[in-house]
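Here is the structure we will look at, set down as structure tokens.
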Amino acid sequence: SNVLVDGETVLLLGVDERLGQVAAKFNLRDCLPTRLRGTEGLLLGPALADRASLTLTTPTASQPVPVLGRIDCDAARTINAGAFVAGPLAATEALAGRPGRPDAIAVKAKSGVNRAALTEAIDKVVNGRGFVGSPTLLADQAKTAVGALQQGASVMVALALVVGGFCVFNTMSMTALERRRELATLRAIGGTRRALLRGFLAEMALTGLLGSAVGIGLGALAGRQMIAQVPAVIIDTVGVQPTFVLSRGLVLVAFAVGTLVTVGAAFLPARSAVSVEPVEAMRSEGPVESPIIERRASLAAVVVGVALFVGGAFFSVASDIGSVNLSAFAPIILGSLIAQYGARAPIARFAGRIAGRFGTSGQLASASIARAPRRTWATVTAVTVAVITVVAMGGMIENQATTIVGPFESMADSDVWVATGDTSVIPVNIRFGHEVLDQVAAVDGVAKVFGGQAAYTTIGRERVLLEGFEGPSNAPEFAALSDATQRRVLDTTLPPVATVTSAFASRQNVKQGDVLTLPPPSGRLRLPIIEVVEVVAPTQSGIVGISLKTLEESYGRLGYTFIEAMAEPGISPETLVQRVAAALKDSPTPAFVSTGHESYLGAKASVSQSTQIIGAMEAAVVLGTALALGNALLISVIERCREIGIIRAIGTTRRQLRNMILIESLAIGITGLAVGVAQGLVQHRVGDEAVQTLLNAKIDYAFTFKPMVQVTIAIVLASLLAALLPAMRAARTNVIETIGYE
């Protein structure tokens with residue numbers, strides 16, 4: 001149970017001494033301090049500061065409790081991130097006001113007993129008062145709760161790997177350029193192309209392993225920071241504070257993926273490098289790319305790529321099977337990459353034309369782009385991926401936020417909200433006693449007051465938000481109901497009924513008119529569903545709405561997690577908030593008092609906070625693109641070392657050379673921006689369909705300029721920053737040294 005310890009929400013953990021016999025990982029016996037302070041009291045988890053006593057606040061009471069000591073071990077740190085207090089089961093049940101009512105029973109089967117038969121036998125004993133199944137249920141529910149975030153992050157990881165692959169491609173091109181005479185010498189003395197290619201790829205495999213090792217270390221540091229920033233609304237959905245765990249399997253996968261991407265990206269430039277004839281490569285400077293081959297677009301690749309892109313997009317948007325998910329991006333992204341590879345020569349020519357419009361320096365930049373269409377294609381594609389990422393993901397996030405936040409506007413219709421949590425979370429953990437409602441009702445200026453309660457429960461195998469209402473609430477899922485449904489839910493003189501959101505109806509395969517079976521501790525409860533409402537819930541599993549009386553009587557959860565108050569005429573919400581806050585200042589359960597508008601803004605902020613991880617990954621992809629662009633420009637400067645020396649000798653100024661590199665970078669960035677925006681708009685539409693399927697709720701698609709403005713600014717800045725170092729190197733060219741460059 002979640003309780004307050006000196007005002008901080010922590011987990012109250014009651015442990016039966018037999019638990020270690022059936023669940024070894026939760027055996028805290030070895031974690032106990034050597035000497036206890038007494039015989040009665042609680043043990044503190046490792047995340048809590050040691051003290052002699054604490055004030056424990058539950059929905060039923062607030063009381064001082066002695067502390068036996070503080071435990072600190074690996075097993076303890078994995079439980080709610082160490083933020084818990086623990087004690088014997090009977091004692092903690094009494095403190096929580098629920099004597100004789102454990103939350104879970106762990107069972108270990110005798111040797112040779114059939115697990116399915118045992119589960120069926122136990123289910124008969126439980127008789128609908130709870131869920132009987134695998135201990136992995138909570139893990140499965142947690143995966144469902146973060147499913148949308150996980151899939152979005154997976155797409156971002158794939159895109160980041162694509163950008164990284166193009167970084168490797170350009171780096172390998174630089175390596176081949178710098179070592180062309182070495183390769184020619186090895187070929188001349190008998191080295192075979194196959195042997196040289198193997199050497200190149202082995203070198204890149206080692207580079208990939210090293211890069212993966214560094215990436216794993218940095219990723220672990222970033223992961224620990226990100227897990228600490230997980231929005232509270234997601235934590236409540238999961239039920240416990242998540243902790244960062246880096247498994248051996250994931251480390252091995254990271255090494256394998258990093259190495260394979262590196263070797264795969266290096267293959268094409270490595271093969272081209274070892275294919276150059278020794279006579280050609282022995283020249284002090286020579287083209288690494290074949291101009292005859294590179295000037296022709298591969299029509300087959302373009303056709304295949306466009307077919308994959310268009311087919312994937314059409315299937316995702318037009319499909320009626322309702323199974324589109326974020327994996328729909330795979331054929332679209334693959335098709336995009338294949339088509340752009342086939343059109344590498346036209347892409348390079350387009351970038352060259354853009355550069356050529358910027359005077360003399362632009363003409364020099366255009367010549368550089370024309371000499372290396374493959375390198376230009378690789379860099380443009382890296383920019384394109386970044387643009388697609390920001391436009392598609394940014395548009396999806398904007399549409400999701402608008403769709404999810406829209407129903408929360410009803411909260412502003414209540415003058416005052418009093419909750420057991422701040423405005424950024426759904427209050428589910430701590431409850432007010434009924435006396436708090438009376439205190440609010442007695443405040444001068446309150447015309448009407450009623451309470452409600454939100455809690456998570458398991459229905460089937462899903463962790464579902466269950467809400468009970470006492471009056472005409474402005475909570476989104478209740479306000480969206482028809483007037484007749486609202487009156488029927490609140491009418492406690494008639495048999496109880498239920499309402500559900502579309503996400504719940506879809507996942508549980510129920511509809512209006514069906515009978516919903518709930519498993520409260522008091523026994524199986526069957527309620528007719530009288531309305532299915534289209535409201536996006538914070539959990540993918542959806543929301544069930546019932547009367548507060550039914551919730552309290554069936555689940556034994558007395559009290560309120562939120563209270564709404566309406567002001568008398570002439571009393572402003574701000575004035576009433578001050579009066580209610582003053583009346584509740586000594587409440588043992590902290591009361592967060594706000595106006596309805598403030599509560600709405602808090603809910604809106606919590607939705608935005610849930611997307612910050614995706615936003616951080618977008619920034620990482622853009623930074624990777626800047627690295628790829630800077631790498632490509634550096635290759636250009638090295639490749640044209642003698643050429644730069646000659647044009648410097650005939651009067652070209654340092655400023656013109658710097659401008660040449662800046663223009664080349666901007667031309668590539670603008671080309672990638674143009675190609676990426678068009679594809680990003682398509683993927684934005686596909687992404688909305690995927691998220692709609694994932695959340696089992698309608699996401700309203702709307703075209704939005706904001707991501708395009710953001711990515712335009714980001715790409716222009718990245719292009720300028722990426723060009724700084726190559727531009728300075730070109731401007732510092734020593735004429736004598738470069739003319740004699742070998």
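The values are calculated or read from the model by the stated rules, or taken from the named source; none is laboratory data. Given the structure is predicted, the values throughout are model-derived calculations rather than measurements. Backbone-built Cβ (ideal geometry, glycine too); neighbour counts: all protein chains shown. We work out accessible area using only protein heavy atoms, side chains counted, and drop any ligands, DNA or RNA first. Shrake-Rupley method; radii C 1.70, N 1.55, O 1.52, S 1.80 Å.
Counting only heavy atoms of the protein chains, get the accessible area per residue of the chain (1.4 Å probe) and round it to a whole Å² value.
Values: 34500 Å² over 742 residues.
I get 47 Å² per residue for the chain.
Could you give me D for the chain, from Stokes-Einstein at 10 °C and 1.306 mPa s, where the hydrodynamic radius is the Kirkwood radius over C-alpha pairs? Units µm² s⁻¹, please. Value of D from the Cα-based Kirkwood radius: 53 µm²/s. Dividing the summed -39500 (n - 2.57) terms of all DSSP H runs of n ≥ 4 by the residue count of the chain sets its mean residue ellipticity at 222 nm at -18000 deg cm²/dmol. In order along segment 334-339, phi translates into HN-Hα couplings of 4, x, 4, 5, 5, 5 Hz, rounded to whole numbers, per the Karplus curve 6.51 cos²θ - 1.76 cosθ + 1.60 with θ = phi - 60° and x for Gly and Pro.
Could you sort the peptides 91-97, 411-417 by per-residue average Cβ neighbour count (10 Å cutoff), highest mean leading?
Numbers: 91-97: 17.9, 411-417: 24.1.
Highest mean packing first, the order is 411-417, 91-97.
One quarter of the surface of the convex hull around the alpha-carbon atoms of segment 55-179 equals 16.3 nm², the direction-averaged projected area.
Cα-based Rg of segment 183-232 per 2.2 N^0.38 Å, rounded to two decimals? Mind dumping the intermediate values first?
Values: Rg = 20.1 Å, N = 50, 2.2 N^0.38 = 9.7 Å.
Working it through for segment 183-232, the quotient is 2.07.
Work out, step by step, the length gained on full extension between V716 and V251: first 0.36 nm times the residue separation, then minus their alpha carbon distance; give nm to one decimal. The partial results should precede the final answer.
Details: separation 465, 0.36 × 465 = 167.40 nm, distance 3.56 nm.
Gain on extension, V716 to V251, equals 163.8 nm.
Of all DSSP beta bridges confined to the chain, the antiparallel ones make up roughly 70%.
Given +1 on the Cβ of Lys and Arg, -1 on the Cβ of Asp and Glu, and no further charges, what dipole in debye does the chain carry about its Cα centre, rounded to the nearest 20? The calculated dipole for the chain is roughly 3480 debye. Hey, any idea what % of segment 376-432's accessible area is carbon plus sulfur with a 1.4 Å probe? After summing per-atom areas, the C and S share lands at 53 percent. By the Cβ-Cβ criterion of under 4.7 Å, the unpaired cysteines of the chain are C167, C641. Semi-axes of the equivalent ellipsoid of segment 1-127 are 29, 18, 12 Å, computed as sqrt(5λ) over the eigenvalues of the C-alpha gyration tensor in descending order.
Can you tell me the order of 644-653, 372-381, 340-349 when each peptide is scored by its average per-residue count of other Cβ atoms within 10 angstrom, highest first? Write down the numbers at each step before the final one.
Details: 644-653: 15.0, 372-381: 27.6, 340-349: 21.3.
Ranking, from highest mean packing down: 372-381, 340-349, 644-653.
One way to sum up the overall shape of segment 328-387 is the equivalent ellipsoid from its Cα gyration tensor, whose semi-axes run 26, 11, 8 Å, largest first.
Within segment 441-562, DSSP assigns beta bridges of which about 60% are antiparallel (rounded to the nearest 5).
With the alpha-carbon atoms as the only input, what is the per residue convex hull volume for segment 587-742 in Å³? Walk me through the numbers before you get to the answer.
On the way: hull volume 31.2 nm³, N = 156.
Dividing the Cα hull volume of segment 587-742 by its residues yields 200 Å³.
When ranked by the protection proxy of mean other Cβ atoms within 10 Å per residue, highest first, what sequence do the peptides 301-311, 628-638, 561-571 form?
Details: 301-311: 16.8, 628-638: 24.5, 561-571: 19.6.
Highest to lowest by the protection proxy: 628-638, 561-571, 301-311.
For the chain, what number of Lys pairs, 8 or more residues apart or on separate chains, have alpha-carbon atoms under 20 Å from each other?
For the chain, qualifying lysine pairs total 8.
Taking the alpha carbon gyration tensor of segment 384-498, multiplying each eigenvalue by 5 and rooting it gives semi-axes of 33, 19, 16 Å, largest first. Projected onto its three principal axes, the C-alpha set of segment 602-651 covers 65, 18, 5 Å, listed from the longest axis down. Relative to the first principal axis of the alpha-carbon coordinates of the chain, what is the inclination of helix 359-371, with its axis defined by its Cα atoms, in degrees from 0 to 90 and to the nearest 10? Around 90 degrees separate the two axes. For segment 562-679, a Kirkwood radius taken over Cα pairs fed into Stokes-Einstein (4 °C, viscosity 1.567 mPa s) yields D = 63 µm²/s.
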